[in-house]
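J.: Submitted below is the structure of interest, expressed as structure tokens.
Throughout, read-outs are computed from the coordinates displayed, never taken from laboratory work. Here the structure is a predicted model, which means the values were calculated and not measured. As a convention, Cβ positions derive from the backbone with ideal geometry for all residues, glycine included, and neighbour counts pool all protein chains shown.
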Amino acid sequence: MIIMKADATEEQIEKVVEEIKKCGLRADVSTGAYRTVIGLVGDEGKVSFDHFAVLPGVKEAMRVEIPYKLISREYSKLFEGAGESMVIKVGSIAIGGDEPIFIAGPCAVESKEQLFRIAEGIKKAGAHILRGGIFKPRSSVHSFQGLGAGGQDEAREALSWLGEAGRKFDMPVITEVRGETQVDLVSEYVDILQIGARNMYDQDLLTKMAKKGKPILFKRHFGAGIEEFLSFAEYIAAEGNKDIILCERGILPVGKGKNYTRYTLDLAAIPAIQKETYLPVMADPSHGTGRRDLIFSMSCAAIAAGASGLMVEVHYDPAEALVDGPQAITPDELKEVIDACQRIHQLVASGKADEKG
Ligand code: PEP
Ligand code: MN
């Protein structure tokens, strides 16, 4: 990490970037309220920090050992002063701002009619962003794989419905990209790209998606520790794309016998991650529990824990849903969730304001 002096000139910054490139590394330039900090992206073992320390305009050159320095709150304090949390704007929606944001929609897009009916329902319930899976990660090859599995034309058609529903009901849209071959196609239609839990470790996919320059919702793998999760988010940031929304969606349950939940929603991870990074953190109580009767409680708990919003699976007739019906709630139930979460958020925010005096 190279910390520039507060009065460093553009030319001096440019010179440091050039020197970094000469070493075969890339530079991540962050200009904050206080100063410019340049992160080295690549194998830092190859460079002599003493060489950088004596360049004009450089205040300090130091080796940073943490694997997610580009998204780290601690290091953002060097240029932002207070290490401010980041707000990601998607159209008129601000993720990580003063209000919790609700992403809702079907697990899988099944038909145009189904998608539009759900989109209308979630909009009325107060949701901000429409989700709908088109390429579904499934444990069994014998189950519905999403309309995208039908081929390029079917995928394009389903994606166009998503875009159309978003425009009609005035909501940005998000869908999962499951493989590298889908990146270009999906990017044409959606506002936010989703990386599913199973693909958290796919660095080639992460890199390719990051280059699109669109916001990315990045889900934690069910077996990943927090440091691992953030280290892989760093692959996205390393491409110069810091519009990363982290999503806690549950880790593998432990012990023998019946677990009663599909995964264990790791709520402590929310504030723990927020201390480590300035990126917004959301929670997914649907996959986190696998049970519609637990969505209300866990949504409230996640917002109380400080989540910037939720991703919730919704279907007007959960029993009919082709994928994940047992964890889907109805639009009416979503409204109850959103109303309660908004009240809880206000309570927690006013408590924090009191604390600060
Ligand atoms: C999803 O959100 O559609 C999904 C498949 O979730 P996850 O990647 O967390 O399993
Ligand atoms: Mn699902």
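J.: Pick from LEU25, LEU78, LEU230: which residue has the top mean-square fluctuation in a GNM of the chain where Cα pairs under 10 Å get a spring?
T.: Comparing LEU25, LEU78, LEU230 in a Gaussian network model of the chain, the most mobile one is LEU25.
J.: Related question: Suppose the chain between ALA268 and GLU164 were pulled fully straight at 0.36 nm per residue; how much longer would it get relative to their current alpha carbon spacing?
T.: That works out to 33.7 nm of additional length.
J.: Do any of LYS69/LYS168; LYS5/LYS219; LYS136/LYS211; LYS15/LYS214 go past 32 Å between their Cα atoms, and which?
T.: Pairs exceeding the cut-off: LYS69/LYS168; LYS5/LYS219.
J.: I would also like to ask the following. What would the Debye equation give as log₁₀ I(q)/I(0) for the chain at q = 0.09, 0.15 Å⁻¹, counting only Cα atoms as equal point scatterers?
T.: Values returned for q = 0.09, 0.15 Å⁻¹ are -0.52, -1.25.
J.: Here's a follow-up. What do you get for the angle between helix 152-168 and the principal long axis of the chain? Use alpha-carbon atoms, 0 to 90 degrees, nearest ten.
T.: The helix 152-168 is inclined about 90 degrees to the chain.
J.: Around ARG131, under 9 Å between beta carbons, what's the net of Lys plus Arg minus Asp minus Glu among the other residues?
T.: Residues close to ARG131 contribute a combined charge of -2.
J.: Given Cα pairs under 8 Å that are at least 6 residues apart, what percent is the relative contact order of the chain?
T.: That works out to 15 percent.
J.: How far is helix 295-304 tilted, in degrees, relative to the longest principal axis of the Cα atoms in the chain, given as a value from 0 to 90 rounded to the nearest 10?
T.: For 295-304 against the chain, the angle is about 20 degrees.
J.: For the chain, find the longest principal axis of its Cα atoms and tell me its angle to the long axis of helix 10-22, 0 to 90°, nearest 10.
T.: Approximately 80 degrees, to the nearest 10.
J.: Using Cα positions and a limit of under 18 Å, work out the aspartates and glutamates in reach of LYS124, with same-chain residues fewer than 8 apart set aside.
T.: GLU99, GLU113, GLU164, ASP170, GLU313, ASP317, ASP332, GLU333, GLU336, ASP339
J.: Which ³J(HN,Hα) values, rounded to whole Hz and listed in residue order, are derived for segment 84-89 from phi using the Karplus coefficients 6.51, -1.76 and 1.60 in 6.51 cos²θ - 1.76 cosθ + 1.60 with θ = phi - 60°, glycine and proline given as x?
T.: Those phi angles translate into 4, 6, 8, 10, 9, 8 Hz.
J.: To continue, here is another question. Please compute the length gained on full extension between GLU74 and LYS275, using 0.36 nm multiplied by the number of residues separating them and subtracting their Cα-Cα distance.
T.: 71.5 nm
J.: Rounded to the nearest 500, what is the chain's calculated 222 nm mean residue ellipticity when only DSSP H runs of at least 4 contribute -39500 (n - 2.57) each, over all residues?
T.: -11500 deg cm²/dmol
J.: Using a Förster distance of 41 angstrom, determine the FRET efficiency expected from the C-beta separation of ARG156 and LYS59, and round it to 0.05.
T.: E between ARG156 and LYS59, to the nearest 0.05, is 0.20.
J.: Looking at segment 1-55, which trypsin sites (Lys or Arg not before Pro) are DSSP coil and have at most 16 other C-beta atoms within 10 Å of their C-beta?
T.: Counting only loop positions with at most 16 other Cβ atoms within 10 Å, the trypsin sites (Lys or Arg not before Pro) in segment 1-55 are LYS5.
J.: Given labels modelled 7 Å from the Cα in the Cβ direction, how far is it in nm from SER297 to GLU10?
T.: Here the answer is 5.8 nm between the modelled labels.
J.: Over segment 88-356, what is the percentage of antiparallel beta bridges among all DSSP beta bridges, to the nearest 5?
T.: Taking every DSSP beta bridge within segment 88-356, about 15 percent pair in antiparallel fashion.
J.: Convert each backbone phi in segment 277-294 into a coupling constant with the Karplus relation 6.51 cos²θ - 1.76 cosθ + 1.60 (shift: θ = phi - 60°), then list the ³J(HN,Hα) values in order as whole Hz, x for Gly and Pro.
T.: 9, 8, 6, x, 10, 10, 10, 10, x, 6, 6, x, 10, x, 10, 5, 6, 10
J.: Report the full-extension gain for the segment ASN259 to ARG198: residue separation times 0.36 nm, less the Cα-Cα distance, to one decimal in nm.
T.: 19.9 nm
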